[in-house]
1. For the rotation that brings chain A onto chain B, whose beta-carbon in chain A is nearest the axis, and what is that distance in whole angstrom?
2. Work out from phi, with θ = phi - 60° and the Karplus expression 6.51 cos²θ - 1.76 cosθ + 1.60, the ³J(HN,Hα) of each residue of segment A:53-60, listed in order in whole Hz, and give x for Gly and Pro.
3. Would you mind listing the distances between the B:V155 label point and the same position in each other copy? Use 7 Å along Cα-to-C-beta, nm, one decimal, shortest first.
4. Just going by the charge dipole of segment A:1-86, with Lys and Arg at +1 and Asp and Glu at -1 on Cβ, which of A:Q37, A:G21, A:A55 is farthest out on the positive end?
5. Using unit Cβ charges (K, R positive; D, E negative) and no other charged atoms, how large, in debye to the nearest 20, is the dipole of chain A about its Cα centre?
6. In the structure shown, do any of D:K83/D:K255; A:K160/A:K203; B:K87/B:K282; A:K282/B:K212 have a Cα-Cα gap over 30 Å, and if so which?
7. Would you please name the trypsin sites (Lys or Arg not before Pro) within segment B:127-164 that are DSSP coil residues with at most 15 other C-beta atoms within 10 Å of their C-beta?
8. Please give the per residue accessible area of segment D:63-192, computed with a probe of 1.4 Å over protein heavy atoms only, in Å².
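The values are calculated or read from the model by the stated rules, or taken from the named source; none is laboratory data. Remember, predicted model here, so these are calculated numbers, not experimental data. Backbone-built Cβ (ideal geometry, glycine too); neighbour counts: all protein chains shown. Ligands, DNA and RNA are excluded from the accessible area calculation, which covers all protein heavy atoms including side chains. Shrake-Rupley method; radii C 1.70, N 1.55, O 1.52, S 1.80 Å.
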Number of protein chains: 4
Amino acid sequence: MNYQQILENIYQEIQPFAGIGKQADYIPALAKVDPDQFGICINTIQGETFMLGQADTRFSIQSISKVFSLAVCLSLEGDELWKRVGKEPSGTAFNSLVQLEVEKGIPRNPFINAGAIVLADILLKHLSHPEEDFLHFIRNICGNDTINYNEEVAVSEREKGYLNAAIANLLKYHHNIENDIERVLHFYFLQCSVEMSCYDLSKAFLAFANHKQPFTFGDINLTASQVKRINAIMQTCGFYDEAGEFSYLVGLPGKSGVGGGIAAVYPLRYSVAVWSPRLNRKGNSVMGIKALELLTTQTQESIF
Amino acid sequence: MNYQQILENIYQEIQPFAGIGKQADYIPALAKVDPDQFGICINTIQGETFMLGQADTRFSIQSISKVFSLAVCLSLEGDELWKRVGKEPSGTAFNSLVQLEVEKGIPRNPFINAGAIVLADILLKHLSHPEEDFLHFIRNICGNDTINYNEEVAVSEREKGYLNAAIANLLKYHHNIENDIERVLHFYFLQCSVEMSCYDLSKAFLAFANHKQPFTFGDINLTASQVKRINAIMQTCGFYDEAGEFSYLVGLPGKSGVGGGIAAVYPLRYSVAVWSPRLNRKGNSVMGIKALELLTTQTQESIF
Amino acid sequence: MNYQQILENIYQEIQPFAGIGKQADYIPALAKVDPDQFGICINTIQGETFMLGQADTRFSIQSISKVFSLAVCLSLEGDELWKRVGKEPSGTAFNSLVQLEVEKGIPRNPFINAGAIVLADILLKHLSHPEEDFLHFIRNICGNDTINYNEEVAVSEREKGYLNAAIANLLKYHHNIENDIERVLHFYFLQCSVEMSCYDLSKAFLAFANHKQPFTFGDINLTASQVKRINAIMQTCGFYDEAGEFSYLVGLPGKSGVGGGIAAVYPLRYSVAVWSPRLNRKGNSVMGIKALELLTTQTQESIF
Amino acid sequence: MNYQQILENIYQEIQPFAGIGKQADYIPALAKVDPDQFGICINTIQGETFMLGQADTRFSIQSISKVFSLAVCLSLEGDELWKRVGKEPSGTAFNSLVQLEVEKGIPRNPFINAGAIVLADILLKHLSHPEEDFLHFIRNICGNDTINYNEEVAVSEREKGYLNAAIANLLKYHHNIENDIERVLHFYFLQCSVEMSCYDLSKAFLAFANHKQPFTFGDINLTASQVKRINAIMQTCGFYDEAGEFSYLVGLPGKSGVGGGIAAVYPLRYSVAVWSPRLNRKGNSVMGIKALELLTTQTQESIF
């Protein structure tokens, strides 16, 4: 498959969507990003790399970090994890409190904010140096030792993070947070602040696509079955209340972030990361989703 | 892959689950079925068939019929269809009215009851002889001219169908039913009453698995892309509020019915149908789900 | 107290509100009413009557009939009644299905549609000639033998009554309707179709205001305590999701109807009925509520 | 009316209810109260006082303090207040987040926790020394200069107050809290910690019953109309999701607290306060409600 040519075709075809949507602007660090950027990178399990646009520019991965949290938690806890978080699509916005109250503090899945806050709490329990260890895992999985948190972003998020603080307090009320709330929120926002390029993300997600290879990064190990199950959760829960739409249009497991990034995998074929800051009303990258839809349409390859 | 041997292994391994759960008993015709039956059938796209247990025994396919409705509707309406029904997982039970009221009469997806009732209304608009035409499509897709409705089941369902009547009235109130309510409900319940064996269902679903082949059955045609998108919807919405769990454990697009049947596809490999009447609390076959979980685990094949 | 002078003052003061709001138009019989009518009538427990405007013109009492249903049901069932219907404010619109589903078919109170449909079912159980007996009670309580149902209205309501049919089916599903659904709905809509004037309604509600007098109308008897409790339910539940607002502004127990009527009582002082077809967004008469607010403000008399 | 004799009768009749229910035990200070205490005090507008049991023992007034907050806020803001808080019954538990999220941060009424937290924020805006000024108002209205906060209770409440912190964060997210969250919560919990006896409370509530007298306490003034409207809100919203039941059984405006106290008013007749720590499942005093029900039944006096 000539992926480079396909990427170039896609790039032409998505131009009519340029300028549509609005980047996240609830914190200054996101608001000041040039919204009219676009990058995409594919890594195949054969070891090829295909890139286009600003694929080397780092951006705030935001909720894409939840996939890394889930991988580490699943490695540390195994299926015990599912006692504290579900694996069903939420059917509601990523930050809804309603469901959490009705379901007594057990978040629907690890990819809504409530779920990822519980994951942060679990990581704090297991890791001796949580911030360092988590960063170390990401550096390992993408093979880039310069990946880092953006502390300024994390601090801004906490300052504006009333809704996540409401969620964390509700979780604590239902005994589903063990650590101090501020400690958990600090770590959660730090995870969201990680900055990676499309190239970095695609390299990282190759580990999820290529489950014939051992998933071993430092102390973090997953079986092939566990990797596949993470992919399954990405498929059903990776795009908030647009998960069905993404599954319908694109047909790949993936995860989006409010920074405009999307990472997806075609199991045993390739991983792909795309980035463009302008978001649709559901909080997902307009050009990113369009590009991935064209990718699976033009290659006629999807998991379905 | 020696599927026959795998089916036999699976059959041994699921024996500890025999007797767990309870069959649907809200109508006499379902209540009187011997609950301790089990059948499974795989059809590969190479044309092989593997069967075990009561794979030739017909049962009430119930909600599995919603996949056939969706196929016919999508063929007739194309993407216009999505103006009247969504494609997001519901996150709630299959028969919930809450979401439907909040979302002003647009059902979340075609596989919850509300969605399928809208599909029935759409079919009534397009088909000149709806009952005959729908049955004809099923007979065509599975290659068995003896497939039929069970009128007694359909009548019993209507008599007890207060909740579905509530749903239909609410849809009508929101102008999402065009035909007479009783007409729509009659057709809806008739669809659910279709009786097929695991062999029949597996043959029918092969058309969804094998999207390299033209999907053409009489007047009903779908493009490969449309078939893949039906698979995508099965993946995210096929098991009510257990869709995430099924995706996690089994990793195949599929659809269950309250009669104890499940049909699933491994795109470009095989289709599989399994049947066992005892249900878990979510209304899905206990042994059916277990068998499929073992199938994808032992073959190490899933879409993820 | 010179009520006649006060009524005349009120009439002047509400003129700025003339023309605001829109009458109910979901059925032809309501849509064709001249919306710019206004009538009001006070009856004191001393036997005085004060009237102004179209106080003798009959209109569709609609949901005000629910107070009569409650009175008859409470007479027939006593506190057994509360096993099938609650007495808490609903906090939602009068026709919401959400709460009913969550609370398993027990309507929040007798004055939302679901509650009144259950009352209709209860009346059908007890009364040998339900339609005649119910009408007979109303004729008795207001002392006017010419009061009647408007069959045309009842038929129109049923034809458009998808939401109430949804509610009735949901109640039946939860085993809180014993009779045939169509039978119950027919009787329910017939009750709503009763036509009375402000004078008639005010006379009828005098029986609730004057609980020192025996409440005995044919076979229907209530104790003083039961009458006071009906007033209490009017206070907390009489105006759908505007009950708090009405209580705050007016400070009297009352009940409104979508025909533009409101009946209210000042216990041991007077009853009042007001009518004007234009409704606010909550479905209550704009001029009616304003007139009652002015009445309790100018008389400086309210239950608080 | 021989209220003293009636109180003695009531005391006998409620004995069968002794020992039913459980006191609040979510903080040590409440858990250690002897649950088997009972006190009641009536103050008439003629100046008589009737007491029985531990009517002089101080207890934590908890949510009864919300009535004082509302009085002060209404004095300071007038009807502007209703832009930030509603006046409809909530139909849900006192601490529900669901409604608050759905209604975008405008609490249903001032007597649910969310509403009272908004009131605390409003008081912080207006009062130069909020803690002192609020306490001063209470001391004035009950005529007892020794009334005080219980700082230990306030601190314990904050430590366990995850749900209220979740509510405050959600309010802040919706821009309905102006001050720092911790500042608001500290003041809110301090208000709840006020300790008063039945005698004190009854004296304080006499100001709401006796609206012929000027409501003037230091800088805090209310018109008769405003006082009556506070009574109206007590009637519809004073008992969480048991407001309808209390209205039905007792027929007086009132407010309960989780410390086991209830204060109620019979406008232009008397105020009454009752206290007994054992609560029913809705969080209201078992013996307290029973005593008030008997009071209005035996005196045959209620607002209805």
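1. A:G91, 1
2. x, 7, 6, 9, 7, 7, 9, 6
3. Computed spacing set for this position: 3.1, 7.6, 7.7 nm.
4. A:G21
5. With only Lys, Arg, Asp and Glu charged at Cβ, the dipole is about 560 debye.
6. Too far apart for the 30 Å limit: A:K160/A:K203; A:K282/B:K212.
7. Answer in residue order: no site qualifies.
8. 34 Å²
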